Every structure is written in structure tokens, then in C-alpha cells.
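Below is one structure, written out as C-alpha cells, with a few remarks after it.
Values quoted throughout were computed directly from the atomic coordinates according to the rules given, and no laboratory measurement underlies them. Keep in mind that this is a model prediction, so the values were computed, not measured. Here the Cβ is made from the backbone with ideal geometry for all residues, glycine too, and neighbour counts use every protein chain on show.
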Amino acid sequence: MGILSSSASVVRYRVKGKIKDPLLDTITQGLNKYRISEIDNNSEDKISGWTSFKTPYLADFSGSSFIYDPYVVFSLRIDKKSISSKTIQKQYVTEISRRLAGNEKTYISRHEKKR
């Protein structure tokens, strides 16, 4: 979890002005409007949105799951698609082997490797 691995920050905000009544419904609507969607079903490389503090992988704001009287607690989650270096290395070695098999050379130049 983020807090245990020291990769979290805590921010406290105060709302200036008037919030529409009923307060909990207004907050719930805002959280649901900007909740995080699954990155697997999305074409973007990076996606962010609000999620539950207790269950960060399930953006469920039903009931009062985000109320810790007198505070409203939720999390901002940022997901990013990435390809592991091992996968890239595997593809790199496979492509070099394929090119060497198709040529009479026993090596590939630095320029070819870079390309």
C-alpha cells in the first residue's frame, strides 16, 4: 500500500464559499463524475481519477464509505501503462537473431542495433 511504502502524500483542503445542499449528495456526484476508469479498457497510456481510500482498486462511493467524521477521505489514483524491460529485451534479442539468420553476417552493426 502507498502509505506503508512511503509513496503517499496527504493534503487537507478547506472549501471556501457555499456548497449545494445536500452536502453528501453533492460530494458523491463530484466523486462519481471524476472516478477512475479501468486503464485496460482505455486507449490512453496514463489515466487518473478519484477512488476509495479503503479499496483503491474499486472506485465505489456508495453510501458514506468516504466519510470519516468530520472529514471526507478519498484517494487520487494514477495508472500508467508500461512495458517491462525484460519484454523489450526479449523482443530485441529475437529480432537480432532473426536478422542474423536471414543474412550471411555474423554480427549486426551498432547503427542497425540502434535502429
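Observations on the structure shown:
- Summing Lys and Arg as +1 and Asp and Glu as -1 over all other residues whose Cβ lies under 10 Å from the Cβ of Asp40 gives a net charge of -1.
- The H on the amide N of Val72, modeled in the peptide plane, is under 5 Å from the matching H of no residue at least 5 residues off or on a different chain.
- Cleavage-rule hits, trypsin sites (Lys or Arg not before Pro), region 75-108, DSSP coil, Cβ neighbours within 10 Å at most 12: Lys81, Lys105
- Karplus 3J(HN,Hα) series, Hz, for region 68-85 with 6.51 cos²θ - 1.76 cosθ + 1.60 (x for Gly, Pro): 10, 3, x, 10, 10, 10, 8, 10, 9, 10, 10, 10, 9, 7, 8, 10, 5, 5
- The Cβ shell under 13 Å around Ile78 holds other residues with a net charge of +1, Lys and Arg each +1, Asp and Glu each -1.
- Local electrostatic count, Ser52, Cβ distance below 14 Å [Lys/Arg +1, Asp/Glu -1]: +2
- Those lysines that a straight Cα-Cα span of less than 20 Å connects to Lys86, excepting residues fewer than 8 apart in one chain: Lys113, Lys114
- Net length available on complete extension from Arg110 to Arg35 is 22.3 nm, with 0.36 nm assigned per residue and the Cα-Cα distance removed.
- Those GluC sites (Glu not before Pro) in region 9-115 that DSSP places in a loop and that have at most 12 other beta carbons within 10 Å: Glu38, Glu44, Glu104
- Lys, Arg +1 and Asp, Glu -1 on Cβ, resulting dipole of the chain about Cα centre, debye, nearest 20: 660 debye
- The fewest-to-most ranking of Ile88, Ile108 by surrounding Cβ atoms within 10 Å reads Ile88, Ile108.
- Degrees, to the nearest 10: 23-33 long Cα axis against longest axis of the chain: 20 degrees
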